[in-house]
Structures are given as C-alpha cells and as structure tokens.
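Read the structure below first, then the notes.
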Amino acid sequence: MPTKRSVGTLGEKDLSGKKVLLRADLNVPLDDGQRIADDNRIRASVPTINFLMGKGAKLILASHLGRPKGVTPKYSLKPLVPRLSELLGVDVVMANDCIGEEVEKLATALPDGGVLLLENVRFYKEEEKNDPEFAKKLASVADLYVNDAFGTAHRAHASTEGVTKYLRPAVAGFLMQKELDYLVGAVANPKKPFAAIVGGSKVSTKIGVIESLLSKVDILILGGGMIYTFYKAQGYAVGKSLVEEDKLELANSLTEMAKSKGVSLLLPTDIVVADNFAADAESKIVPASAIPDAWMGLDIGPDSIKKFSETLDTTKTVIWNGPMGVFEFEKFAAGTDAIAKKLADITAKGVTTIIGGGDSVAAVEKAGLASKMSHISTGGGASLELLEGKTLPGVLALDDA
Ligand SMILES: Nc1ncnc2c1ncn2[C@@H]1O[C@H](COP(=O)(O)OP(=O)(O)O)[C@@H](O)[C@H]1O
Ligand SMILES: O=C(OP(=O)(O)O)[C@H](O)COP(=O)(O)O
C-alpha cells in the first residue's frame, strides 16, 4: 500500500468552544530528578496547540510517556505541566486520569482556549491493545480529534488509531503534516541529485530503508557499524569490527542492486580504528581495506569525510539516517560531526536536508546544528518505517484531504 500523505488538516474549521482531543507525542526523556532532559517534542507540539487555543477550542491533550506496565508514578506526565504552561502562556490543568468522570468535568470546565493535559494513556494496558471500549471512552470527551503525534504514528494504539472510529473529524496537526511533507513528499519528489546517507549500528535494522531508498536516490553513502559487513562481504579484513555474518550475502546483493539501478554507492575509504570499544581507547587511521586484526572500526576517517563532503556539495536533496561512527565517544564523533556540519552548510545554500529521527537527530542536536537543517524528524521508529515505504496506522486512520 502506498504511503498516505494527503491527510485532512485543521484548515478553517470553526473551533470556538469545541472540545478537541489532541494526541501529541510528549514522550520526552526525564532525568532522575524528573526534570525534562530534552524538550524538543514538547516544543514541536506547540504550533498546533497554539493554533487550537487561538481558535477558542477547549484543548484536551493526550500522550504516552515511556513504556509503563500499569500506573507507574515515574511515568506520570505531571512533570511536563510547568514547561507546557510556560511555552503556551496559560496555566495547563492536569488530570489524574485519561478517561472517566474527572476528565469529563475538567474538560467541560475549561475556558475557550484552555488546555487540559490527560495522564499517561499507557497507564491503561487497553491503550497498546487498541481496545475499542477504551478508545470509545477517550473519544467520548471531545467533538473533534487532531493527531500530531508523529513519533507514535507507527503504533496502532487506542489514542492514535482506535479513537478515530468513534471521533470524527479526525485530522492531522501541523507537526504531523510537516513530517509527512518532508519524509514522504520530499523523498517522493526530490530535487535532484538526491542523496541518502545511511549509518547506524547494523545492516539488519536498515535493510528496508536501504532497499527502499535505492529506488529513489542517485547517491547512497554508507557509514557507521554496518559498513564492516559490506567490507567483509567484499573480502576485506575487518579485525574486531562489528559484522553480521548472516548478512554477508545481503550486503553483496544490496551492492548489486545499487549497480543495477545506477545508484552511486559510496563506502568510506579510510577508518578510525580502536583497540577496544571504549571512550579512551587507543586509535589510529587506516585504509578501509586494511583493518588490523586486533582493532575495530569505530568511525570514518578524514579521507572519507572529504570524499563524502565533496559528493554532498553536488546534491540538491539529502536524507540522513544513522550516525557515521560511535558518536557517543568524543574520540569517534568526528565523522558524524563533519556530516552534520556539511549538511548545515549546504542547507544554507538551498539544499533540502532531512534528518530522519533517532541517533542522527541526537548527533545533530549535540553539534548544536538542529536549527540549520530543513527538517529534523521527531520520530525514530516512525521515520524509519516511512522511509521503508510503510504506511503508518496513525496516519491511515485520519480523514483524507
Ligand atoms: N562503527 C561502529 N561500531 C559499532 N557501533 C556503531 C558504529 N558506528 C555507529 N555505531 C552505533 O550505532 C548506533 C546508532 O545506530 P542506529 O540505532 O541504527 O541509528 P539511528 O538511531 O540513527 O537509526 C549508535 O549508538 C552508534 O554508537
Ligand atoms: O519515542 C518514540 O519512539 P522512537 O524512540 O522510535 O522515536 C515514540 O514516542 C514511540 O514510543 P514507543 O516506541 O514506546 O511506542
């Protein structure tokens, strides 16, 4: 089934006094003191919330946090209230539950433009089971459903999918629309040359993405831990580098597929190797074809960075998923940082750059370059599934445009 991109949006609906159930992905990391460690997902949800508030809607905000098994205080959404209130400029009201009488009372008592935050929907096992009765209860409190939870759109849960069977209209928020515009729209109709950079730890987690992108891109750049499986398949010595022995044939068939589709496939030419997997490991730069026995590849080398950068200078659209090395260790972050800087640089020159979720986003944020990219996805798993060409249940359930 082709990926659905055109979904109903908020448009010019008269929302004054209407109760709107807004599913957002407020699944942010909290530190031990229950402080928000990264508020990106909250800030990404603000434009839709502000719009609905401005229209005089009574806003009922639903989200999950973490993967609790039943009611678990450390997964409460309560720690988000001060930051949300600050960002929205209103006192956000917190409910102790996500369904039931108290929620109904609080929702009815909201002033036009007021915001009620429901407690974690995953405190009910029925949420992940997509239980129809639970979905009906969530739906019963509102007149309209808006889904802005892109990061959770690959889950067919009660608050992302089931609820739409009982609450219409069911439309996309601005964040959801923006994610689809870039991850489906820009990828389907790219300005060319179109390059994909795929990294990360394993080939096995990226097979679907690589296969799908090979039908769309002109250039495919590979980095990260997966390249050693490609090298070994080509007969290179890879030392103690990460290799998926059962994926050697697959690596060769992906190389063949690139050839037959006329895609220029670039693998690193030099590697930063380490004597063990540690932040303070001994390291040196070696040719990709000559990794010494007792060493492991943890980053791409300077020659690869130069070649990748020169290639990226020729592109008009770039999508990036997965770091070039073990960027969590400063010593092996240079390749990932250099790619992030190059993408920031070419974005300023008019290239469309899309960062597809997960660790690549963390790397771009760590480098302080997030605001310099065309689009940074708020969904790891969701963006991966979209890039694989899958349809997301949370998107499919929405009204057509
Ligand atoms: N050469 C390597 N050897 C081992 N692990 C690597 C290597 N390069 C990157 N990684 C690891 O890959 C992980 C990210 O992989 P993945 O989850 O597939 O990426 P993403 O989250 O961007 O999709 C990071 O934790 C990084 O340390
Ligand atoms: O953080 C999320 O996914 P992600 O880590 O793949 O981006 C989403 O909130 C979905 O959470 P889930 O993977 O527990 O369903």
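Brief remarks follow.
- Segment 94-113, subset β-branched (Val, Ile, Thr) and crowded, with 20+ Cβ neighbours inside 10 Å, residue farthest from the chain's Cα centre (by Cα): Val103
- Qualifying residue in segment 390-399 (condition: in a helix (DSSP H, G or I) and either within 16 Å of ligand 1 (Cβ to nearest atom) or of a type in the set (D, E, K, R) (or both)): no
- Total residues in segment 23-33, condition in contact with a strand residue (DSSP E or B) (Cβ under 7 Å, 6 or more places away or on another chain) and buried (at least 24 other Cβ atoms within 10 Å of the Cβ): 2
- Members of segment 183-222 found to be in a helix (DSSP H, G or I), in contact with a helix residue (DSSP H, G or I) (Cβ under 9 Å, 6 or more places away or on another chain) and open to solvent by 50 Å² or more (accessible area, probe 1.4 Å), listed by number: Glu211
- The set of residues in segment 167-201 that are among the β-branched types (Val, Ile, Thr) and within 30 Å of Lys19 (Cβ to Cβ) contains only Val171.
- Any hit, segment 114-136, residues being open to solvent by 60 Å² or more (accessible area, probe 1.4 Å) and among the polar types (S, T, N, Q): no
- Here Thr314 does not fit the description of being open to solvent by less than 40 Å² (accessible area, probe 1.4 Å), hydroxyl-bearing (Ser, Thr, Tyr) and out of contact with any Ser or Thr (no Cβ under 6 Å at 6 or more places or on another chain).
- Tallying residues that are more than 16 Å from ligand 1 (Cβ to nearest atom), within 19 Å of the chain's Cα centre (by Cα) and either basic (Lys, Arg) or assigned to a loop (DSSP other than H, G, I, E, B) (or both) within segment 146-158 yields 6.
- Out of Lys247, Lys259, sole residue that is of a type in the set (Lys, Arg), out of contact with any Ser or Thr (no Cβ under 8 Å at 6 or more places or on another chain) and open to solvent by 10 Å² or more (accessible area, probe 1.4 Å): Lys259
- The set of residues from segment 330-366 being open to solvent by 40 Å² or more (accessible area, probe 1.4 Å) and not in a helix (DSSP H, G or I) comprises Lys349, Gly350, Gly358.
- Among residues of segment 9-22, those that are open to solvent by 10 Å² or more (accessible area, probe 1.4 Å) and not charged (D, E, K, R), counted: 4
- Filtered residues of segment 172-223 (kept if acidic (Asp, Glu) and farther than 30 Å from Glu161 by Cβ): Asp218
- Taking the criterion of being farther than 12 Å from Leu80 by Cβ and either open to solvent by less than 30 Å² (accessible area, probe 1.4 Å) or in contact with a strand residue (DSSP E or B) (Cβ under 6 Å, 6 or more places away or on another chain) (or both), the residues of segment 34-52 that qualify are Ala44, Val46, Thr48, Ile49, Leu52.
- Total residues in segment 145-166 satisfying the condition of being within 22 Å of Gly17 (Cβ to Cβ) and either open to solvent by 10 Å² or more (accessible area, probe 1.4 Å) or acidic (Asp, Glu) (or both): the figure is 2.
- Any pair with Cβ under 6 angstrom, 6 or more apart, that starts in segment 106-133 at a residue that is at positive phi and ends at one that is in a helix (DSSP H, G or I): Gly113/Met53; Asn130/Gly162
- Of all residues in segment 134-156 being free of Cβ contacts under 8 Å to residues at least 60 places away in the same chain and of a type outside the set (A, V, I, L, M), the one that is farthest from ligand 2 (Cβ to nearest atom): Ser140
- Candidates are the residues of segment 296-327 that are among the acidic types (Asp, Glu) and over 20 Å from Asp359 (Cα atoms); the one that is nearest to ligand 1 (Cβ to nearest atom) is Asp303.
- Scanning segment 367-382 for residues that are open to solvent by 10 Å² or more (accessible area, probe 1.4 Å), among the hydroxyl-bearing types (Ser, Thr, Tyr), under 24 Å from Ala37 (Cβ atoms) and touching a residue at least 60 places away in the same chain (Cβ under 8 Å) gives a single hit, Thr378.
- Residue match in segment 169-181 (condition: away from ligand 2 (no atom under 16 Å from the Cβ), touching a Phe, Trp or Tyr at 6+ places or on another chain (Cβ under 9 Å) and either assigned to a loop (DSSP other than H, G, I, E, B) or free of Cβ contacts under 8 Å to residues at least 12 places away in the same chain (or both)): yes
The values are calculated or read from the model by the stated rules, or taken from the named source; none is laboratory data. Being a predicted model, the structure only gives us computed values, none of them experimental. Note that we place each Cβ from the backbone using ideal geometry, even for glycine, and neighbour counts take in every protein chain shown. Protein only, heavy atoms only, side chains kept; ligands, DNA and RNA dropped before computing areas. Shrake-Rupley method; radii C 1.70, N 1.55, O 1.52, S 1.80 Å.
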